Structures are given as structure tokens and as C-alpha cells.
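Taking it in order: structure first as C-alpha cells, then the write-up.
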């Protein structure tokens, strides 16, 4: 085996080991980064539990696999999904609202 191949294999093995060690950290960082949106969508208790379970490496994997298998979230959202859609229209007010008089004469 040539020296170049040895160096390549050694470098690949070290890189693989580093990536394997960093995957749980990357998953935790991703879960913490989404904590604000999750709490806003699910509420304080459910959002905190959801994010906490997602932050733990093996538990988050099992929880997400179970949610995929089940077809819905373990901790459901407080509001319908279309509330957060970008193309959702503004909510329509049904109560009587005083409007400013039209002064364009």
C-alpha cells in the first residue's frame, strides 16, 4: 500500500470518527434552535417536553420514529396548522368594530 493511500485512509477514519462523535451535539443544537417556534406552536409545557425529548440523542430518534409510524405528533399543536401557513389570510373579525369615519370628501 502506498504512502498516499495510507494517509487517505487514516484521514478518512479520523474524519469519520469526528463526525460520529459530533452528531449528538448537532442534533441537540438543532433542537435548541427550534425551541422558540415549538413552544409558540405547542404551548409552554408541550413545547418544552417535545424539545427536551428531541434534544436527547436516542430518545429523540425513538420519539420521531414513533411519530412517523403513528402519523401525528405525540404533543399536538394548540392551533390548526393553517394558522402558521404563509398564505393564510388574516383572521376575520366577527364582532362589531367601530371604524374611523371616511374623511375623503
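All of the numbers you see were taken from the coordinates with simple rules; none came from a lab. Note that this is a predicted model, so its numbers are computed, not measured. Backbone-built Cβ (ideal geometry, glycine too); neighbour counts: all protein chains shown.
Remarks
- Distance (nanometres) between label positions extended 7 Å along Cα→Cβ at residue 69 and residue 30: 2.0
- Taking the empirical scaling 2.2 N^0.38 Å for compact globular proteins as reference, segment 1-74 has a Cα radius of gyration ratio of 1.61.
- The label point for residue 21 and the one for residue 37, both projected 7 Å from the Cα toward the Cβ, are 3.1 nm apart.
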